[in-house]
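Nothing in this text is a laboratory measurement; each read-out follows from the coordinates by a stated rule. Note that the structure is a prediction, hence the values are computed from the model and not measured. In this analysis, Cβ positions are derived from the backbone assuming ideal geometry, glycine residues included, and neighbour counts consider all displayed protein chains.
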Amino acid sequence: MTVEVPVGTSMLDALQAAGVEIMYDCLRGECGLCRVRILQADGPVDHRDVFLSPRQRAEGRQMCACVSRIAGPGVTIDC
């Protein structure tokens with residue numbers, strides 16, 4: 001499934017609008033419930049959460065869909 005994430009829209013909001021059920025709670029990047037696994041990204045992750053550790057951020061294999069962004073045209077995730 002391909003989901004377009006418009007500028008100014010979170011990945012979480014775009015996924016929900018497309019009918020993808022994803023767990024979430026705080027919408028601030030604090031709880032980690034909306035964390036998704038990154039399979040492939042066309043750019044670095046702009047981590048805006050406080051949930052992931054510095055090591056997890058550096059690995060670039062996870063992101064919180066409610067607040068974080070990809071600095072590139074696309075990303076493949078497993079949610």
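Just a few scattered comments:
- The helix-based estimate of mean residue ellipticity at 222 nm for the chain, built from -39,500 (n - 2.57) per DSSP H run of four or more residues and divided by its residue count, is -4000 deg cm²/dmol to the nearest 500.
- What you get for the chain, charging only the Cβ of Lys and Arg (+1) and of Asp and Glu (-1), is a dipole of about 260 debye around the Cα centre.
- Projecting the Cα positions of Val5, Gly19, Ser68 onto the charge dipole of the stretch 5-79 (unit charges on Cβ atoms of Lys, Arg, Asp and Glu, taken about the Cα centre) puts Ser68 furthest along the positive direction.
- (i) 122; (ii) 104; (iii) 81, with the label sought being that of the calculated volume of the Cα convex hull per residue in Å³: (iii)
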